[in-house]
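The values are calculated or read from the model by the stated rules, or taken from the named source; none is laboratory data. These numbers come from a predicted model, not from an experiment. Cβ placement follows ideal geometry from the backbone for every residue including glycine, while neighbour counts extend to all protein chains displayed.
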Amino acid sequence: MENPEVAQVFEEVADLLDIQDENPFRVRAYRNAARTIRDLAAPLAQLSPEKLEDLNGIGKDLARKITTILETGDLPLRQELRKQVPAGLRDLIAVPGLGPKRAQTLHQRLKIGSLDDLRQAAEKHRIRKLRGFGAKTEEKIVQALEGREETGRRVLLAEAKVFADAVVSHLRQAPGVGQVEVAGSFRRHKETVGDLDLLATCRRVGPVMDRLADYEAVAEVLARGKTKMSVRLRNGLQMDLRVVPEASYGAALQYFTGSKEHSIQLRRRALERGLRVNEYGVFRGKRRIAGRTEEEIYEAVGLPWIPPELREARGEFELASKGRLPKLLELDDLRGDLHMHTTATDGRASLEEMVQGAKKRGYAYIAFTDHSKRVTMARGLDAKRLRQYWKAIDKLAGKVNGITLLKGVELDILEDGRLDLPEDVLAEADWVVASIHYGQNQPREKITRRLLNAIQSPHVHAIGHPTGRLIGKRKGYDVDLEVVFQAAADYGCLLELNAQPDRLDLDDAALIAAKERGVGIVVNTDAHSVEELGHMEFGVYQARRAGLEARDVANTRTLAQFRKLLKR
DNA sequence: GCCGTTTTCGGCCCGACTGTTTTCAGTCG
């Protein structure tokens, strides 16, 4: 059992208990435990029962339940709850605007038991007639369903990575195996992946396929042929394994990495040179002239190797042929992380713990950016508490070496466009990242106006998660990004690439547009725990997909250079 | 169900706002 699967069991239990109107704190206990498990760096199976109890939010009972899940693959409690709650209601409570109560009402009054039922009922305007619902709620449901469809049932890259890493190291232990790699959209580091395309070389095919069938998370072998095999994991993720000879490995890796559009352009370019490219190699007539490595393939058509993140047929061939491919951002380029939370508001680690975590990552500077007062649910900081917070940061800064601590705040941009704290307070901050958390459904002009107000403020250095989207859950706010980019460029306000795996906001397309406008980008984790400081890699992947280089990203600078970038 | 310089109970980041009502569920992180 991989950690995300265990977390999923607890999340399901939490949902089912929630629908049954159970003690909300018990529900939350399951949700907290799921989150802790998801954030964990090491596999649960490697922890002793005593260590399990040391984990945040996991006590005797949940530790025992984790052991049960690891040993049996399931939890009796989950089976029991499934008998009591109609299947499909869980899907309903995941829709923004619906919770356990409304899901129950919809099920009881309209016999709605699935997202399909929900869509049909909404289209027939049957929902707005229910007590407690109305036209606006019904419209919101329709919009939410549309937002979900865009990503479909794809899995977040971060979650897919857990399974990809595990299966690759599992397959590498197969006898006679050579190379093993995950291709496809996973290798292109898309924000979500639909399945995992595994590629392997080996002397004999049998042992590698046997090994995949043995992978612990496999629920079902869908197909198994001479060179190709498909399995489905318990969590629904599909894995396709292709076994290829060494001589074709590079060609197969290129072919299965895609994108389809990129490969079409590559083959067209080959044809112009009298060559033919397929998954076995590059051929002149019947003679194979390349295929062992990807570099060979690209070289055969007169190009340097193109990083997978750029293979989206968005102009990479033109850049490559002119020798002007960007030198893409790398994790090591980053010298600081400028958006994180602590126990001062809704973070789960102390200032000290976050500093230690940041030092381990080799950062030269970090900014603490707990919430401002409007975010009441996170116990956001008012002026008085914020100054105490900054005092604590200063005090800590005097005790730690090798890292600079910046006094920051995640400043709420209020519904009416004002900022959540007075100017004299903001003027004392080293770093202000302003974000929208409320009034996300406002019309385009109003949302855009709010962002412009923040951008134009002399005290705001960056805009946090500029569109507010949550991948697979919620569309971003309706905002005129063109206007925002222009203002950000004009006023020297940075825009954030938020590295939370379900945000990755701005997305790749927006980052490309922002770069064209000359907008400075800052890549931050928005970490709420020490572990989440590790999300930086996903921000880097997204930046790479947009072709960003170190110089495009503000927090690759030394602290002195970084400070010069900030508007006064 | 977790947690404890408040340990074996009684708390649990919990308040403004929206859409819908006329008392309340759901949304924000």
Scanning the stretch A:508-528 residue by residue, the ones that are in contact (Cβ under 8 Å) with a residue 40 or more places away in the chain and touching a strand residue (DSSP E or B) at 6+ places or on another chain (Cβ under 9 Å) total 9
Name the single residue that is surrounded by the fewest Cβ atoms within 10 Å (Cβ to Cβ) among those in the stretch A:8-34 being charged (D, E, K, R) and near DNA strand B (Cβ under 8 Å from one of its atoms). A:ARG26
Sort through A:ILE112, A:ILE69 and tell me the only one that's closer than 28 Å to A:ARG26 by Cβ and outside any helix (DSSP H, G or I). A:ILE112
Within the stretch A:42-50, does at least one residue satisfy the condition of being outside any helix (DSSP H, G or I) and either surrounded by 14 or more Cβ atoms within 10 Å (Cβ to Cβ) or within 12 Å of DNA strand B (Cβ to nearest atom) (or both)? yes
Residue check, A:ARG544 in contact (Cβ under 8 Å) with a residue 12 or more places away in the chain and under 26 Å from A:LYS327 (Cα atoms): yes
Residue check: is A:ILE447 at pLDDT below 95 and buried (at least 24 other Cβ atoms within 10 Å of the Cβ)? yes
Would you say A:ILE93 is within 14 Å of DNA strand B (Cβ to nearest atom), under 20 Å from A:ALA166 (Cβ atoms), touching a residue at least 60 places away in the same chain (Cβ under 8 Å) and assigned by TED's automatic domain parsing to the domain that holds A:ARG119? no
Looking only at helices (runs of 4 or more DSSP H) that lie completely in the stretch A:456-568, which have at least 3 residues being out of contact with any His (no Cβ under 7 Å at 6 or more places or on another chain) and surrounded by fewer than 22 Cβ atoms within 10 Å (Cβ to Cβ)? A:481-491, A:508-516, A:559-565
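Give me the residue from the stretch A:52-69 that is within 18 Å of A:ARG348 (Cβ to Cβ) and surrounded by fewer than 16 Cβ atoms within 10 Å (Cβ to Cβ) and, out of that set, farthest from DNA strand B (Cβ to nearest atom).
Within the stretch A:52-69, the first condition is being within 18 Å of A:ARG348 (Cβ to Cβ), and the residues that meet it are A:52-59, A:62.
Subset that is surrounded by fewer than 16 Cβ atoms within 10 Å (Cβ to Cβ): A:54, A:56, A:59.
Numbers: A:ASP54: 8, A:ASN56: 5, A:GLY59: 3 Å.
The selected residue is A:ASP54.
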Residue check, A:GLU316 against (1) more than 16 Å from DNA strand B (Cβ to nearest atom); (2) within 30 Å of A:GLY398 (Cα to Cα), all met but one. Which one? (2)
List every residue pair whose Cβ atoms lie under 8 Å apart, where the two residues are 6 or more positions apart in sequence or sit on different chains, the first residue falls within the stretch A:98-110 and is charged (D, E, K, R), and the second residue, located anywhere, is more than 7 Å from DNA strand B (Cβ to nearest atom) and part of a helix (DSSP H, G or I). A:ARG102/A:LEU92
Please give the number of the condition A:GLN173 fails out of (1) within 16 Å of DNA strand B (Cβ to nearest atom); (2) loosely packed, with under 14 Cβ neighbours inside 10 Å; (3) in contact (Cβ under 8 Å) with a residue 12 or more places away in the chain. (1)
Working carefully through the options A:VAL167, A:VAL180, A:VAL142, A:VAL162, find the one that is of a type in the set (Val, Ile, Thr) and assigned to a strand (DSSP E or B). A:VAL180
Return the residues of the stretch A:122-146 that are of a type outside the set (A, V, I, L, M, F, W, C), within 12 Å of A:VAL95 (Cα to Cα) and more than 10 Å from DNA strand B (Cβ to nearest atom); say none if nothing qualifies. A:GLN143, A:GLU146
With the requirement that a residue be among the charged types (D, E, K, R) and closer than 21 Å to A:VAL85 by Cα, what does the stretch A:16-69 give you? A:ASP18, A:ASP21, A:GLU22, A:ARG26, A:ARG28, A:ARG31, A:LYS65
